Amino acid sequence: MSVHSKWSTIKRRKGAQDAKRGKLFTKVIKEVTIAARSGGGDPDGNPRLRRAIDLARSVNMPADNITRAIKKGTGELEGVQYEELVYEGIGADGALFLCEVVTDNRNRTIAEVRKLFDRNHGQIGNSGSAAWAFEQKGIIRIDKDATTEDALFEAAVGGGAENMELVGDQWVVTTARNDLDLVRDAIATSGIAVAEAALEYIPNNPKVVEGSDAEKLMGLYEALEDHDDIQNVFSDFELSEQALAEMA
């Protein structure tokens, strides 16, 4: 079973090497806040909040920070009013990008994101210009040492998972969009700790790139991911084996 392993490896490596811990915390806090605002402050009745708390714990966020973010989302504490948006764009060699955005000022954010595309050999697109090339799937990540392959396979497949594979030091389980929380709960109920569970945009036909295009695309990807208002970045390119070796 296979699931966009090269792209997952790139994404996880970048996250693991991100030294800007304060920026990472800010993005996680935004997700917890929005999840609480959209579905209430009880994680038992709010699957998105439950996933956000999993993510917060995986980056060792203090419990007090999580609690404050939830209360800001439910209105118990005063907080910023965020808006969720998806920006689409095109990079070098026609690679397509989707950016999940959370902002309190959409005019500022769209201007800044447009500049990032322009400076990195790309251009921002209209709604629908890139989304057609992706399918939204549930992705669940479990630390390799948290379980055995047999135990995870039984829990994940029993819960309705589509795929499962080892990517680096994590197991990656793929589900249909609407089955994410069912499978996540089945894995957690079996006693296996879930590091992260989220909806992600998976390219239908990934394109392999190398050379200068690979460098340009990774430059754009990292510039977008580093922006304060961009929560997640997805693209349909994969690095060739040679490009991966060069960047390693």
Pairs returned, first residue in segment 129-154 that is in contact (Cβ under 8 Å) with a residue 24 or more places away in the chain, second residue that is assigned to a helix (DSSP H, G or I) and surrounded by 14 or more Cβ atoms within 10 Å (Cβ to Cβ), beta-carbon separation under 6 angstrom, 6 or more apart or interchain, are 138/180; 140/184
Those residues of segment 156-190 which are buried (at least 20 other Cβ atoms within 10 Å of the Cβ), under 18 Å from residue 50 (Cβ atoms) and within 17 Å of the chain's Cα centre (by Cα) amount to 173, 175, 180, 184
Take residue 80 and tell me if it is part of a strand (DSSP E or B) and either touching a residue at least 24 places away in the same chain (Cβ under 8 Å) or not basic (Lys, Arg) (or both).
no
Over segment 128-142, the set of residues within 24 Å of residue 47 (Cα to Cα) and either among the hydrophobic types (A, V, I, L, M, F, W, C) or out of contact with any helix residue (DSSP H, G or I) (no Cβ under 9 Å at 6 or more places or on another chain) (or both) is 134, 139, 140, 142
Residue 86 meets each of (1) within 19 Å of the chain's Cα centre (by Cα); (2) within 21 Å of residue 38 (Cα to Cα); (3) among the aliphatic types (A, V, I, L, M); (4) open to solvent by less than 70 Å² (accessible area, probe 1.4 Å) with one exception, condition (4)
A careful count of residues in segment 197-218 that are under 21 Å from the mean Cα position of the chain (by Cα) and open to solvent by less than 30 Å² (accessible area, probe 1.4 Å) gives 8
Given (1) touching a Lys or Arg at 6+ places or on another chain (Cβ under 9 Å); (2) modelled with pLDDT under 95; (3) of a type in the set (A, V, I, L, M, F, W, C), residue 176 misses just (2)
Quick check, is residue 244 open to solvent by less than 70 Å² (accessible area, probe 1.4 Å), assigned to a helix (DSSP H, G or I) and touching a Phe, Trp or Tyr at 6+ places or on another chain (Cβ under 7 Å)?
no
From the option list 198, 155, single residue qualifying as aliphatic (A, V, I, L, M) and modelled with pLDDT under 95 is 198
Scanning segment 89-115 for residues that are in a strand (DSSP E or B) and of a type in the set (A, V, I, L, M), the one most open to solvent (accessible area, probe 1.4 Å) turns out to be 90
Residues in segment 116-140 that are in a strand (DSSP E or B), open to solvent by 20 Å² or more (accessible area, probe 1.4 Å) and farther than 15 Å from residue 95 by Cα total 3
Note on segment 217-248: residues under 13 Å from residue 96 (Cα atoms) and not hydrophobic (A, V, I, L, M, F, W, C) are 221, 235, 236, 238
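The values are calculated or read from the model by the stated rules, or taken from the named source; none is laboratory data. A quick note: this is a predicted structure, and the numbers were derived from the prediction, not measured. When we count neighbours, we look across all protein chains shown, and the Cβ atoms used for this are built from the backbone with ideal geometry, even at glycine. What goes into the accessible areas is simple: the full protein's heavy atoms, side chains included, and nothing from ligands, DNA or RNA. Shrake-Rupley method; radii C 1.70, N 1.55, O 1.52, S 1.80 Å.
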